[in-house]
Each structure stands twice: as structure tokens, then as C-alpha cells.
Amino acid sequence: MAEIRIENLRKQFGSFVAVQDSSFTVEDGEFLALLGPSGCGKTTTLRMIAGLELPTSGKIHLGGEDVTFNRASARDIAFVFQLFALYPHMNARKNIGFPLLSQGVPKAEIRRRVEETAKLLQIGHILDRPISGLAGGDRQRVALGRAIVRRPKCFLMDEPLGTLDAEFREVMVHELRELHNRIHATTVYVTHDQHEAMAMADKIAVMNHGVIEQFGTPQEIYSRPATMYVADFIGSPPMNFMRFTSSLQKGARSVSMGGVEVAVPEVHQDLAEGELALGVRPEHIRFSDASPVRGAVYGSEYLGTNQIVAVETVSGLVRARVPANRNFAIGEPVGLEFNPEKLALFDCKSGLAVPSSLYSEARHG
Ligand code: ATP
């Protein structure tokens, strides 16, 4: 297995920039999710790593070797597509063994490796069944088997679960991560689904319009979003933005929002007056009659263990995740209290997070 190192990777189609100067490292054995909406450049990035697309500029290193201009077949990479092209006239065993057969591996060795792979994927019992008779999930497992039987340096997966229904998807998310824990293959996984990325990946690169907005662990990305885009893309419901106009002084530990002082993590930068947003995750809000941050209940969504209550405030609509044991009437006045250590501040003009102790703590682990 091997490390993948990307340096200033760029891809233009004519004047359109699909991937803008991306740099990141996927460490040996790590699982990276490239996450973002349709058209943000995930597949193009993956195709460049695979050698299926030539970069406009930048470098790709695989296991310490510069492979930027190597052909796909010379990269020792397994690429798993959304639509698995299995051979319908062959059984599962032959499908899995096919890459080895085309490499000229002796028959006995093929048999041994196919069985070892089937054991890893727990599909030993279907090896001699025809592909056409297999259910969707088993076909996915056979396709995965065909990818891992070669023991490539790394795996590139492009929305491999895209065609599965929701229930199956959840099972496969779990299985893929389990498989990764067993074989520790360096993996780059493209998805637009934040739940998949959060559940499977060691690191996530959140992409937007060809740019990596943040690269970090799922925890870092969720708790310390670098931009408003990331804060909004991750989490369901996403982070709330309570907008207000103010300046900021380095060292401040509170902000004045609509005349109300709200405690925040220590601000580490001066900022001239402008539009700011207080970023609050729904689970970091409590209802408190004594709080001066006021609002009126707009609606609620019952989720069993808790509920999401939407509250109209002067700074916008705020969604709070609160215990389900209380009913709220539409229009009911409520006070909102925030967990001050978890709050983020954003400069609305740039969309960037304002440096604060929330972020510096992250750097020290
Ligand atoms: P999706 O999930 O829809 O595939 P994505 O994030 O993977 O989205 P890409 O497929 O990488 O996005 O495409 C990024 C942008 O580059 C898109 O706007 C797409 O239209 C454009 N693009 C991709 N391939 C080409 C091409 N061969 N020629 C011109 N434009 C392209």
C-alpha cells in the first residue's frame, strides 16, 4: 500500500477550471472522502489520480514516485465505478479472478487468492453462482472482490454505492469501512453524501467549485468548519448562521448581536465593521426562559429521541435539537442559550471563519 501526495493539481477544460490547485496527502492506509455537490470536481480529481485524465498542471506522487505522466495501467491502482461492469456470463469466482487471469497468474494461485478475497468479503458461499442470479448487494461485493484481488497500491472509488437503495447503502457503508479496517488499503472515495463521508473516512476533503475548502478529520470538519460553505454542507440540519453587523477586537470573548451580548470563544483577530455570522450547531442550543436571545417557535420536527425546533429570531431562522419531551406551540416565545465554547464566527463577506480559540485548540489536538 502507498501514500498518495497531490501537489497544486489543476485541471482546465478550455477556460473552465474544474480543479483549482489542489494539494493534499492521503497517508498510507488512510481512507479519504472527496465530498461535495455535483460538478465540484471530485471525479476529475479522482480520474487524474487514476491516470484517466491528464492534469493541466501539478504533480501526483504514489508511494513516493512521481506518476503524473504514467499511464493508468502503470499505476497499480484499482478504480471502482458507480456502475460495476461485471461479466454476466461468468460466475462470481470467474469475475473476481479475471484480473489475475489477464495478468497470467497461475490457476492454483488464482484459486487461492479468489478464496482469500471471498473470505474477506464473506461471499465464499456465492462464488459458484452466476452473476445474473445475485442480489444487488452481493454483486457489489463481487465487484469489490474483483478490485481487491489484485492487492493494488490504492483504491479509488467513485460513488460506488450510488445506485443502491437507502437500506442497502447503510449496510454497504458499514461493510466498506470494516473491509478497510481489515486490509488498510489507501483509499480515495468520491461522494456527495456527507453521511457516507462522515461514517467511513479518516479524512474528508470538502470541495466547492474545484476548490478544497477544508481538509481534515470528520470531527474537525464538523466542529471547526473553516468556511460558511463547509459549515452549511456538513450536518443535518446544518449549522445555523445568526447574522449581525459588528466589528471585532482581538481578545474579545463576546459579541454584541442585536443589542444582546453573547459569549464566544476568544477572538484572535481584529475585524473592521461588517456583516458577521454566529455559527451554532443545533445541538448546542438550549431553551431558557431567562435568556435575552429571544425568538418565536416557527415549527418542529419530531425525531423520536429528540426534536428539531425552528425558531424565528431577529438574526434569522434558527434550528435547535432539543429533547422530545416538550411540545411547542407555533408562535410560542422562547429564549435561546448557546454553548459558548462551541460557537464559530464567520466573516460573511469572505465566507471564512474568524480565527478564535475554537480553532487554535484544534491545532493543539
Ligand atoms: P458529479 O458527481 O456530478 O460527477 P463531480 O464533483 O465529480 O460531480 P466532475 O465530474 O469532476 O464533478 O466535473 C467538474 C466540472 O468539470 C463539471 O462542471 C463538469 O461539467 C466539468 N467537466 C468534467 N469533465 C469534462 C470534460 N471532459 N470536458 C468539459 N468539462 C468537463
*Which pairs in the list K203/K342; K59/K342; K59/K153; K42/K153; K42/K107 are over 27 Å apart, alpha-carbon to alpha-carbon?*
K59/K342; K42/K107
*Amide H contacts under 5 Å for T227, placed H, 5+ residues apart*: A353
*Where in segment 71-143 are there trypsin sites (Lys or Arg not before Pro) that are in a DSSP coil and have at most 14 other Cβ atoms within 10 angstrom of their Cβ?*
R71
*Given the alpha-carbon gyration tensor of segment 228-364, what are the semi-axes of its equivalent ellipsoid in whole angstrom, ordered largest first, with each equal to the square root of 5 times an eigenvalue?*
26, 16, 13
_Charge context of V171, other residues only, Cβ under 12 angstrom, K/R +1, D/E -1_ = -3
*Under 5 Å between amide H atoms, partner at least 5 residues away or on a different chain: which partners does Y298 have, H built in plane at 1.01 Å?*
A310, V311, E312, G331
*Based on the alpha carbon coordinates of segment 1-123, what radius of gyration and maximum Cα-Cα distance (Dmax) apply, in Å?*
17.2, 53
*At 222 nm, what helix-only mean residue ellipticity would the chain give, in deg cm²/dmol to the nearest 500, using -39500 (n - 2.57) for each DSSP H run of four or more?*
-7500 deg cm²/dmol
*Linear extension gain, H125 paired with N181, 0.36 nm per residue minus alpha-carbon span*: 17.9 nm
*Would you please give the residues with an amide H less than 5 Å from that of M257, counting only those at least 5 places away or on a separate chain, with H modeled from the backbone geometry?*
V262
*asked:* Just to compare against my own numbers: the Cα pair-distance distribution for segment 89-162, 10 Å bins, whole % per bin, please.
replied: 21, 54, 24, 1
*Short version: ³J(HN,Hα) in whole Hz for each residue of segment 235-249, in order, from phi by Karplus 6.51 cos²θ - 1.76 cosθ + 1.60 (θ = phi - 60°), x for Gly and Pro, what are they?*
x, 9, x, x, 4, 7, 10, 9, 8, 7, 10, 6, 9, 10, 10
*Tell me, rounded to the nearest percent, the portion of alpha carbon pairs in segment 4-223 spaced more than 20 Å apart.*
59
_Environment charge at A263 (Cβ cut-off 13 Å; Lys +1, Arg +1, Asp -1, Glu -1)_ = -2
*Which whole-Hz ³J(HN,Hα) couplings does segment 322-330 yield from phi under the Karplus relation 6.51 cos²θ - 1.76 cosθ + 1.60, θ = phi - 60°, glycine and proline marked x?*
10, x, 8, 7, 9, 9, 10, 8, 4
_From phi via Karplus (6.51, -1.76, 1.60), per-residue ³J(HN,Hα) for segment 266-279 in Hz, x at Gly/Pro_ = 4, 6, 10, 8, 6, 9, 5, 4, x, 7, 10, 10, 8, x
*Name the most mobile residue of Y189, Y229, Y302, meaning the one with the largest mean-square fluctuation, in a Gaussian network model of the chain with Cα contacts below 10 Å.*
Y302
*Can you give the direction-averaged projected area of the convex hull of the alpha-carbon atoms in segment 169-270, in nm²?*
8.6
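The numbers here are math on the coordinates, done by the rules we state, and not lab data. None of the values given here were measured: they were computed from a predicted structure. Neighbour counts are summed over all protein chains in view; Cβ atoms, including those assigned to glycine, are modelled from backbone coordinates with ideal geometry.
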